[in-house]
Amino acid sequence: MIVGERKPIQEIVGMLKGMKKVLILGCGGCVSVCSAGGEKEVEILASILRIDRKKGGEPIETIEKTLPRQCDTEYLEGLKDEAGNYDAILSMACGVGVNYLADMYPTTLVFPALNTSFMGVSEEQGVWSERCAGCGDCVLDRTGGLCPIARCSKRLLNGPCGGSQNGKCEISPNVACVWQLIYDRLKGLNQLEKLKEIFPVKDWSTSLHGGPRKIVREDLKL
Amino acid sequence: MNDVNQPDIVAFCCHYTAYACSQDLQNLLRLGFPKNVRLEILPCSGRISIPRLLKAFEQGADGIYVAGCWEDTCHNIRGSKIAKKRVDYVKNIFAQLNIEPERIEMYMISREPNRGFIEVAKEMTERIKKLGPSPLKGK
């Protein structure tokens, strides 16, 4: 899932300076699962903003809503009759939702309440970590399913660097060297030979080096 | 309630802690429980939610506290621990909003019959008297 984290309160307060009526819009997708921008977090943030404004003697009207997803046209379209009623929409979705709101409502101010952090997993309650960098040209078949792009600090594709010590990355003793993990896993699977395979230079054009990405599936289009 | 000597305090209390400590919820005032403290009894302190804590403050409380059992005696295993995390969350929010974090507190009280339940209410009342009314008052 996409993992996000709420921005510092004062940063959000600064964005909304002078606004009197704001829609705080949650997303029922990934950010709801990672407890950053779902219905509950919308309720909390709305309350925080009202407290701050009341304290400053400039009350704010907050309207709270959470859509099933903010990355789908069909859900965002539901705001078309009301988007103009607000001074701004504060989106608690990932950056995708914020962008799409801005695309669909060109005359409405849209602000992000979250920092979109990464694509990752829930290791345990309250702990998330990165697993995929969305490079668009997956190499996991060659690396035992462990990604050297998302999980190697240098994004090395040909093995560990000199900073790999006792299975850890030089940037922190809490960060595993993914190349050590790849080696150990392939060894356990009797597939170390895979590491000797020669492969073509990775095509980075699929990883933003070729500009914004888009997929069109003619078989699915209506 | 704008009287600095009678701060408006909301206490969210675990049913087990409150009952065991007060012995007699119906006669709290006679036992010395401050009359400015409004009691909201929860089935467990872990039932408290962050929005509920924030709303109590938004709606005019000068101070808020949650009273639960000691961590290792919680009837629901982790209730007090969860409640403390939520209180700490709100303390952090208050700090970011330049509101005294001391306006909210988590008290863990022995479930053995004692006067701890009444003592923390008195302690919180004195604390809020010193801090003065909520910065949201009169705005």
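The values are calculated or read from the model by the stated rules, or taken from the named source; none is laboratory data. Computed from a prediction, not measured in an experiment: that's the story for all the values here. No Cβ is skipped: glycine too gets one built from the backbone with ideal geometry, and neighbour counts run over all protein chains shown.
General observations
- In this structure, B:Tyr65 does satisfy being within 24 Å of B:Lys129 (Cβ to Cβ), modelled with pLDDT of 95 or more and out of contact with any Pro (no Cβ under 9 Å at 6 or more places or on another chain).
- Test: residue in segment B:78-92 that is under 25 Å from B:Gln26 (Cβ atoms), surrounded by 18 or more Cβ atoms within 10 Å (Cβ to Cβ) and among the β-branched types (Val, Ile, Thr): no
- Residues that are free of Cβ contacts under 8 Å to residues at least 60 places away in the same chain and either surrounded by 22 or more Cβ atoms within 10 Å (Cβ to Cβ) or of a type in the set (Val, Ile, Thr) (or both) within segment A:30-45 comprise A:Ser32, A:Glu41, A:Val42, A:Ile44, listed in sequence order.
- Conditions (1) more than 14 Å from chain B (Cβ to nearest Cβ); (2) at positive phi; number of the one not met by A:Gly126: (1)
- Of all the numbered requirements in (1) closer than 20 Å to A:Cys27 by Cα; (2) within 14 Å of chain B (Cβ to nearest Cβ); (3) buried (at least 18 other Cβ atoms within 10 Å of the Cβ), A:Ile60 misses one, and that requirement is (1).
- Yes/no for A:Pro112 being touching a residue at least 12 places away in the same chain (Cβ under 8 Å) and not assigned by TED's automatic domain parsing to the domain that holds A:Leu45: no
- Verdict on A:Leu222 being on the phi < 0 side of the Ramachandran plot and exposed (fewer than 12 other Cβ atoms within 10 Å of the Cβ): yes
- Lone unmet requirement of (1) over 15 Å from the mean Cα position of the chain (by Cα); (2) under 26 Å from A:Ile44 (Cα atoms); (3) assigned to a helix (DSSP H, G or I) for B:Lys130: (2)
- If the condition is being more than 14 Å from the chain's Cα centre (by Cα), under 25 Å from A:Ser35 (Cα atoms) and not in a helix (DSSP H, G or I), then segment B:60-108 contributes B:Asn76, B:Ile77, B:Arg78, B:Leu97, B:Asn98, B:Ile99.
- Qualifying position, being closer than 19 Å to A:Met1 by Cα, surrounded by 14 or more Cβ atoms within 10 Å (Cβ to Cβ) and not assigned by TED's automatic domain parsing to the domain that holds A:Leu25, among A:Leu195, A:Leu146, A:Leu156: A:Leu146
- Residue within segment A:77-93 that is outside any helix (DSSP H, G or I) and among the hydroxyl-bearing types (Ser, Thr, Tyr) present: yes
- One residue stands out in segment B:49-73 among those that are free of Cβ contacts under 8 Å to residues at least 40 places away in the same chain and either within 11 Å of another protein chain (Cβ to nearest Cβ) or in contact with a Cys (Cβ under 9 Å, 6 or more places away or on another chain) (or both): the one that is surrounded by the fewest Cβ atoms within 10 Å (Cβ to Cβ), namely B:Gln59.
- Hits in segment A:63-74 (condition: assigned to a loop (DSSP other than H, G, I, E, B) and within 14 Å of another protein chain (Cβ to nearest Cβ)): none
- Within segment B:74-105, restricting attention to residues that are touching an Asp or Glu at 6+ places or on another chain (Cβ under 6 Å) and within 14 Å of another protein chain (Cβ to nearest Cβ), the residue that is nearest to A:Arg6 (Cα to Cα) is B:Leu97.
- Conditions (1) surrounded by fewer than 23 Cβ atoms within 10 Å (Cβ to Cβ); (2) under 20 Å from A:Lys7 (Cα atoms); (3) within 22 Å of the chain's Cα centre (by Cα); number of the one not met by A:Gly26: (1)
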